[in-house]
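What follows draws every value from the coordinates through simple rules; no lab data is involved. These numbers come from a predicted model, not from an experiment. FYI the Cβ positions are ideal-geometry reconstructions off the backbone, even for glycines, and counts take in every protein chain you see.
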């Protein structure tokens, strides 16, 4: 049995390496071409966009807003079957991640170009992969009502994972569209006390008039996450023969009554008005009107309430919490955050500028932020009963920042597109902050073998957010509440990235480099610190390989990266996420894919998770990785229905016992999952 098990593991590793050697290029780095909302679709790597367009785009157009809601970037509505079984959004966003394992739980990308952080609220960061931001939102224009229903489920039933999504959108007339979306995730988790319940509900209105355009969206998002702190002893998984546990849900965990709860309310209203028109002639006779300029106003409000609670702290008298600052009996940390943003912009359109063929955008805006948290407690004694009770003192801080800037751009063109811009904060809390960025896209050749070459760069001087500089809770405090700690200094970041993409071959390759100075991070003790100089560089490749005579496909994403300081930026040296499948059309209507997913990263000191501050922090206790997860699946596509069945981590039945997401958080045992997505659009 041992020999057989070793042979199978060896075969899997060799197969994975051989697959990696055949690979190439990048979806994280891909730059979509700008297409008009009325007709085109943004180009995608791989050559499958045409199939999607033929399937749904005659009925439904879709776009996202870019460049501070001044540019409509057309996208393809997702009706494709490849990678439909990759149901967890974190693996669609990055080939390397650290997750707690349960769908809807905190996670972060450990592939540097995919890393994200909120500039105002540090407690959003581990939920960003599953949070809907305004830049991620899709607007629609439909000839007929369009709806989508999605349902996914993981079993065994007692530890089930369920996800349901419903989307409906419909045009009121040819210009105006309304819609609503509901997402519900309810995951019990394969281990004790780690359930995650997430719900999102929102509606939107867009009016795409000839002169005036507006977009309105409002969202409520709620996250309720049980925090078990991981299992008490990793050796339970590493050496199971020494313990008497039948199931993963029997493993002892650190916490049984800890929870993080976060609710957010978001509203965005964007307006644009064309100013002045000139007549242009296309060819010999076709005349059309072009707006000289467009004025924009954007209003955004983001309001959240976050709580971390432990009902009975006396149950953890074993030193789990080395610091209890206020209440020794229970923890009820509460904090609130609000951002109100106003932005005015004036855009001189490049269609009007026939001489120089580029556009100009100028803007000025203000961000008002409010922070509200528990600062400390005091003891109050009731005069009548003489009973003592703890009363929380609240701290509220407001800050405001006003900025201005501009951008020059060329978004229209078959061969050359570019932009360059700068944003400078000249007054307020973030005074002195500067962000300068630019991008160049060059298409070489035409037709089937056209090749896209692109490069982008960003230089940023950033003031740390208030909660990175000052905070207090029942277990952690830093900044002005501790005498020996001063204010953080500004971060300096330089990011450079470039690549090449050949759509006909489905190949995309890119390279990236970053120089970070005074970067803010949370140390192993859960306190914000600043690093010195950190260098990061790496390569990324994505390829969709297809053998027409066998109908075998392989979609491969590979990342290789190096960090000069693994304390500040712990990154795996190599990571891969590959989907390979055989495809065939049965009975002329049923498209079927039989294949498997493999994801893997080399060993490194993965960041550990601290639930009390909802952050991933460095650890040097044990390296995690060098373990390939093998997930066979079946995909089906019948007219407007897509479905999958999948067995995740099937090699848990015979593979190594060293399978962890991060320290103290084992990977889920083998789990059967299935999902269904049904589009309605005629």
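From the alpha carbon centroid of the range 635-670 to that of the range 293-311 is 35 Å.
If each DSSP helix of 4+ residues adds -39,500 (n - 2.57) and the sum is divided by the residues in the chain, what number results at 222 nm, nearest 500 deg cm²/dmol?
Values: 5 runs with 41 residues, N = 682.
That comes out to -1500 deg cm²/dmol.
For a test of the definition: using alpha carbon positions, the gyration tensor, and the 1.5 limit on a/c, classify the range 598-662 as rounded, prolate or oblate.
oblate
Can you classify the range 118-191 as rounded, prolate or oblate using the Cα gyration tensor, where a ≥ b ≥ c are the square roots of its eigenvalues, rounded means a/c under 1.5, and otherwise it's prolate if a/b beats b/c and oblate if not?
Details: a/c = 4.85, a/b = 1.42, b/c = 3.41.
Judged from the Cα gyration tensor, the range 118-191 comes out oblate (a/c at least 1.5, b/c at or above a/b).
For the chain, averaging the sequence separation of C-alpha pairs within contact (under 8 Å, six or more residues apart) and dividing by the residue count gives a relative contact order of 13 percent.
Ordering 259-265, 327-333 by mean Cβ neighbour count within 10 Å, with the highest value first, yields 259-265, 327-333.
Which of rounded, prolate, oblate describes the range 2-680, given a ≥ b ≥ c as roots of the alpha-carbon gyration tensor eigenvalues and a/c under 1.5 marking rounded, otherwise prolate only if a/b is larger than b/c?
On the way: a/c = 1.66, a/b = 1.17, b/c = 1.42.
Oblate is the answer for the range 2-680, as a/c is 1.5 or above yet b/c matches or exceeds a/b.
Highest average first, the peptides 664-672, 546-554 ordered by how many other beta carbon atoms sit within 10 Å of their residues are 664-672, 546-554. With the highest mean first, a sort of the peptides 119-130, 587-598, 160-171 on other beta-carbon atoms found within 10 angstrom per residue produces 119-130, 160-171, 587-598.
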